[in-house]
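The values are calculated or read from the model by the stated rules, or taken from the named source; none is laboratory data. This one's a predicted model, so the numbers in the text were calculated from it and none came from an experiment. Don't worry about glycine lacking a Cβ; one is built from the backbone with ideal geometry, like all the others, and counts go over all protein chains shown.
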Amino acid sequence: MLVGSSQVGGVSPGSLLELIEPLPSVKWVHFHCADGYYESLSLDSLLDERTILVYRMNDQILPDIYGAPLRLIVPPLYGYKNPKAIVRLVFRRGRAAWLLANSRTLQPGRYHTIRS
């Protein structure tokens, strides 16, 4: 897959889910990153055919500066903050919750999908 001027490689989330077989009640995936960053994505969005979990870039292992060991790229979601340096995935029934700017109050997350 070409992202910008770089060729990236990895695994489709659908292939990963075939291996781990999450419970049918799972609706959200939470990504925990090495620097403490946290992001959530609906399982439906994760399974979009254009979404990829990246671990290679330009025929080499993904460099740290670009998000090693694992980076998520979700092309169909406008403005989605593609998490880098993913070290843990958690599959949950519950919705995403985000820390609002200038507040410690968690609110339900919302996504706006680009239709192509």
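The set of residues in the range 61-73 that are under 15 Å from Y37 (Cβ atoms) and in contact with a Phe, Trp or Tyr (Cβ under 7 Å, 6 or more places away or on another chain) comprises P69, L70, L72. When M1 is tested against (1) closer than 20 Å to A85 by Cα; (2) within 15 Å of the chain's Cα centre (by Cα), just one condition goes unmet, and that condition is (2).
Name the single residue, out of those in the range 12-45 being aromatic (F, W, Y) and closer than 13 Å to R92 by Cα, that is surrounded by the most Cβ atoms within 10 Å (Cβ to Cβ). Don't jump to the end; show me each part of the working.
Just the residues of the range 12-45 that are aromatic (F, W, Y), to begin with: 28, 31, 37-38.
So of that shortlist, the ones also closer than 13 Å to R92 by Cα come out as 28, 31.
Working: W28: 20, F31: 24.
Among them, the one singled out is F31.
Meeting the requirement of 3 or more residues that are touching a His at 6+ places or on another chain (Cβ under 7 Å) and at pLDDT below 95, the strands (runs of 3 or more DSSP E) wholly within the range 55-109 are 86-92. Applying the criterion of being over 14 Å from the mean Cα position of the chain (by Cα) and not in a loop (DSSP other than H, G, I, E, B) to the residues of the range 14-54, the residue that is nearest to L72 (Cα to Cα) is S15.
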